[in-house]
1. So if each residue of separation counts as 0.36 nm, and I subtract the Cα-Cα distance between Ala335 and Arg75, what length gain in nm does that give?
2. Rounded to the nearest 0.05, what FRET efficiency is calculated for Asp733 and Arg523 with R0 set to 41 Å and r the Cβ-Cβ distance?
3. Once you charge only the Cβ atoms, +1 for Lys and Arg and -1 for Asp and Glu, what is the size of the charge dipole of region 233-425 about its Cα centre, to the nearest 20 debye?
4. So what are the ³J(HN,Hα) numbers for region 741-746, from phi and the Karplus equation (6.51, -1.76, 1.60; θ = phi - 60°), rounded to whole Hz, Gly and Pro as x?
5. Taking +1 at the Cβ of each Lys and Arg and -1 at the Cβ of each Asp and Glu, which of Val672, Ser712, Thr779 sits farthest along the dipole of region 669-790 towards its positive end, judged by Cα position relative to the Cα centre?
6. Mean Kyte-Doolittle hydropathy of 0.5 or higher plus an axial Cα length of 20 Å or more: which whole DSSP H helices in the chain meet both?
7. Quick one: 3J(HN,Hα) in Hz for region 348-353, Karplus 6.51/-1.76/1.60 with θ = phi - 60°, rounded, Gly and Pro as x.
8. Tell me whether region 233-425 comes out rounded, prolate or oblate; compute the Cα gyration tensor, take square roots of the eigenvalues as a ≥ b ≥ c, and use a/c under 1.5 as the rounded threshold.
Amino acid sequence: MSPVYPFDDAGTARAVIDARGTLAGWNGGARRLLGWTAADVVGRPAADLLIGEATGAVFDPEGSRWHGLVTLRHRNGSDVSVWVLAHRTEAADDGTSEWLVVTPLDGDGPRLADDPLDEAGLLQSPCAIAICDDRLRLRRLNDVMAELLGLPEEHVRGLRLSEVGGRPHSTDIERHLRRVLTTGQGHDVQTYVPIGIDGRVNTWLARMSPITDASGKVRGVCVAAHDFTEQYRARERLQLVNEASVRIGSTLDVTRTAQELAEVCVPALADFISVDLLDPHDPGVKPFAGPPTAPIALRRTAHLSITPGTPEAVVEIGHMDRYPAASPQADPLLAGHSIVATLDADDLEQWLTWDPERLRRIKEFGIHSAMSVPIRARGLTLGVAVLCRFRSPDGFTPDDVLLAEEVTARAAVCIDNARRYSRERETAIALQRSLLPRSLPSTAAVDAASRYLPAARAGVGGDWFDVIPLSGMRVAMVVGDVVGHGIQASATMGRLRTAVRTLADIDLAPDELLTHLDDLVVRLSAEAGHEGSPGEVGATCLYAVYDPVSRRCTLARAGHPPPVVVPPGGAPHQVDLPAGPPLGLGGLPFESAEFELREGSVLAFYTDGLIESRERDVDAGHELLREALATYADSLDETCDRVLHALLPTGGAPDDVALLLARTRGLPASQVATWHIPADPALVAPIRKQVVEQLDAWGLQDAAFTAELVVSELVTNAIRYGAHPIRLRLIHDTATLICEVSDTSHTAPHLRRAKTWDEGGRGLLLVAQLTQRWGSRHTTEGKTIWAEIALLDEG
């Protein structure tokens with residue numbers, strides 16, 4: 001008797017026969033039927049109790065159950081003919097097979113005249129209905145239930161459902177029946193296991209309700225089973241489509257999207273799936289919308305199996321393979337629709353005659369059905385998904401085809417979106433990198449290194465940096481960030497970078513340069529159709545000018561993070577710099593700050609993508625940046641890499657990042673000579689002589705003639721047209737000699753071609769022809785006219 005069954009166990013004769021045919025179990029019902037005790041028969045061959053052969057034996061297709069009439073030997077020597085039902089079970093101790101043999105004893109016993117179980121109407125119901133008594137033994141069942149069980153009513157009457165089913169789910173149903181019997185309340189149970197002997201996997205809804213007598217006492221349970229397999233499968237299909245819409249396309253990555261398609265289909269729709277895609281066209285080539293031609297080259301992008309390690313796959317992920325017309329991958333693409341092939345129809349084997357290895361694996365793993373579904377989106381063929389079944393015994397149905405096409409169509413749109421995004425991203429990155437400096441110029445003022453990283457997901461933005469050589473061996477350093485992402489932001493960045501270089505060429509002060517740049521952004525915003533909304537096209541910018549002669553740096557910023565300075569042997573710290581409004585607001589002033597830098601100091605310029613993160617606040621980002629810069633190496637490139645590694649997540653930054661590091665140099669006083677010149681034309685000749693003597697001291701005799709002419713012309717112009725005081729300065733670099741003449745007049749000269757009758761106007765033309773380049777810049781005191789003379793290489 002089962003320890004969890006609270007009723008009389010002797011109502012069923014039950015015996016257990018092990019795999020050797022030996023009786024291993026014998027209950028009280030079996031003793032009641034044949035008179036033998038358990039001590040008499042356990043351990044003996046079951047055949048000793050059998051007289052003759054069973055008649056009318058019926059086996060189920062799986063061979064796990066049979067029933068029929070047998071003649072057994074009673075202890076008193078008589079013959080007993082009974083109908084028995086046998087189930088193959090698995091022994092709990094060693095996993096060997098056993099047979100549970102049962103037969104009812106009280107199925108046709110005497111009944112009360114007013115028994116409510118007999119009065120329950122069930123024979124005309126279209127549902128499968130069974131009546132169980134207060135011991136949960138079958139009393140009645142209609143023809144539908146008998147057909148479902150595969151057993152006649154007269155044979156199973158008196159058995160428990162767990163004895164009729166012989167499977168774990170039968171015991172579970174009996175547990176629910178006992179609940180209804182003890183509580184007197186109805187209960188519904190859904191079960192998704194096969195019922196009957198034909199092996200069909202159906203889904204059932206068992207509605208259980210109590211049967212009461214006239215006094216309201218529960219006398220039994222009525223079970224009505226409804227087959228709602230189709231409804232359940234429809235719900236599963238709908239659920240799978242909904243799951244596909246949620247899970248597929250979580251990223252804009254083609255490989256990940258293909259893998260998500262595989263994960264949705266296995267095991268819900270197939271036991272194995274492969275996803276092969278056509279390689280994308282070159283950006284400049286228009287994709288062809290028609291069907292491809294065989295053979296078709298496809299790249300394995302994803303595959304998945306219910307078997308760990310996916311041993312069914314012949315092609316590795318990422319490998320390109322070519323498929324002929326008669327293949328699971330090429331046929332649906334050429335036909336333009338899904339194709340189902342089965343091993344029984346021999347079309348699956350014909351499909352794979354071109355590849356013996358694939359055919360061998362088909363037979364090795366028992367693959368019996370394959371479904372090939374084209375992956376198409378927006379009229380373009382992207383690839384094919386091949387779904388196979390080997391563990392699931394059922395082939396693919398038309399509903400399965402529709403479901404696979406629906407799921408694949410959703411994945412196709414996501415794959416196409418990912419490819420379009422990738423093309424746009426690659427185009428934007430190419431544009432961005434073409435607009436950024438390919439290499440930083442070598443200057444006597446600073447050593448510089450830089451990094452640019454596009455955003456991992458949002459795409460490239462408008463971050464930029466630049467190092468611009470200025471007159472007087474000075475250098476300008478700029479870093480900026482345009483609002484937004486994509487090609488438009490990159491294009492705006494290119495326009496701003498060009499404007500900064502143009503404004504830097506005329507030697508504007510940092511605050512004045514940002515004012516002009518702000519006006520440009522306002523105009524760009526107006527051109528974009530945002531006249532009523534200033535700042536729609538916005539940017540931030542930081543502009544710095546460093547003079548290696550004075551070792552002073554002047555900076556101004558427009559809503560940009562301040563730079564970090566690392567003095568030699570000192571701790572990194574942020575520069576105290578007025579913030580200034582972002583570019584594009586218009587009409588607001590910018591302020592500059594000036595400070596001295598020791599030679600060897602490192603300036604760190606960056607965009608906010610480096611320090612801002614969802615995992616930390618801006619202050620924490622600044623702290624990490626200072627920590628990364630505190631141990632900077634001699635190599636600025638190594639320092640750049642360490643900073644990025646310390647501040648950016650492994651998967652990439654959420655925003656694009658620009659980083660510029662510059663180590664300052666200082667020009668020795670011995671390489672600079674300065675003269676204060678009285679406003680007397682007669683003193684030009686002595687000044688030329690002093691210049692020649694200085695060049696002799698520097699060993700620049702080869703440049704003396706040109707320098708003498710340039711100094712004579714610039715000093716003469718300053719005395720004639722400028723304002724006192726006048727200063728001449730020579731700066732000697734390795735490859736350049738710079739001549740600067742400053743005065744307090746704000747009128748700048750312009751290069752022009754003198755007419756034949758003009759008495760003057762030829763001096764600047766002469767200077768332009770003799771020098772590498774020349775120009776003028778305004779200062780707070782006036783202006784400076786400068787010219788650079790290229791020094792000849794020694795030897």
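Here, each number is a calculation from the coordinates, and none is a lab measurement. Source: prediction; values computed, not measured. Positions of Cβ are generated from backbone atoms using ideal geometry, with glycine treated the same way; all protein chains shown enter the neighbour counts.
1. 86.2 nm
2. 0.60
3. 640
4. Ordered by residue, 3J(HN,Hα) equals 10, 10, 8, 9, 7, 9 Hz.
5. Farthest towards the positive end: Thr779.
6. Helix filter hits for the chain: 704-721.
7. My calculation for region 348-353 gives 5, 5, 5, 4, 10, 5 Hz in order.
8. oblate
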